[in-house]
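Input: a single structure, listed below in structure tokens.
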Amino acid sequence: MSKEKENANDIVVWSDQFVTGIELIDNQHRELVDLTNQLYQACMGGNEQVVAAFKDTMSQMVEYVKYHFTTELELLKKINYPYYNDHKIQHDSLIKEILIAANEYQAGKKYTPHLFVRTLKDWVFSHIAYYDKGFAAFVAEQRSKGLLIDISP
């Protein structure tokens with residue numbers, strides 16, 4: 001699933017700032033980082049490579065984002081996370097960005113892969129480092145009070 005070594009051509013590098021302390025979520029986030037980097041590396045290649053890689057990676061990204069967001073939101077519901085709706089809005093925003101990028105690309109806009117990968121990079125840095133760390137802090141607090149034991153969705 002996730003690659004463990006860093007590539008010099010990566011646009012997003014996994015670091016401790018992204019770690020939530022929830023293994024399932026962290027593993028899924030690593031996969032999102034990997035997919036973002038795959039798309040970025042494809043954009044650095046030739047035109048035919050971009051076309052093939054963008055379609056393939058975008059398809060993988062759509063499926064994986066659906067899977068990850070479902071997992072994460074089920075977890076947030078299970079723990080009665082007080083900012084669930086705000087978190088869902090953040091997820092819905094990225095889904096819109098993905099759909100817009102896919103539609104623009106199909107409509108022939110050739111710079112879509114480059115713009116989209118930068119959107120993903122920004123989202124990874126902001127969403128995971130801020131929003132997901134927020135629910136991770138909530139989980140840690142609830143665990144410390146003995147209110148959460150099993151948090152698997």
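Structural remarks
- For the stretch 13-29, Karplus couplings with θ = phi - 60° (6.51, -1.76, 1.60), whole Hz, Gly/Pro x: 10, 5, 9, 4, 5, 8, 5, 9, x, 10, 3, 4, 5, 4, 5, 5, 5
- For the stretch 52-153, trypsin sites (Lys or Arg not before Pro) meeting the loop criterion (DSSP other than H, G, I, E, B) and having at most 16 other Cβ atoms within 10 Å: Lys109, Lys110, Lys145.
- Whether the stretch 71-125 is rounded, prolate or oblate, judged on the alpha carbon gyration tensor where a/c under 1.5 counts as rounded: prolate
- Links that overshoot a 25 Å alpha carbon limit, given the list Lys55/Lys133; Lys96/Lys133; Lys109/Lys133; Lys55/Lys78: Lys55/Lys133; Lys109/Lys133; Lys55/Lys78
- In the chain, the DSSP-assigned H stretches of four residues or longer account for a calculated mean residue ellipticity at 222 nm of -22500 deg cm²/dmol, using -39500 (n - 2.57) per stretch and the full residue count as denominator.
- Entry for the chain at q = 0.18 Å⁻¹: log10 I(q)/I(0) = -1.06, Debye formula applied to identical alpha-carbon scatterers, no solvent contribution.
Quick note: the coordinates plus some simple rules give every number you see, no bench work behind them. Owing to the predicted nature of the structure, the values given are computational and were not obtained by experimental measurement. Note: ideal-geometry Cβ built from the backbone for every residue, glycine included; neighbour counts use all protein chains shown.
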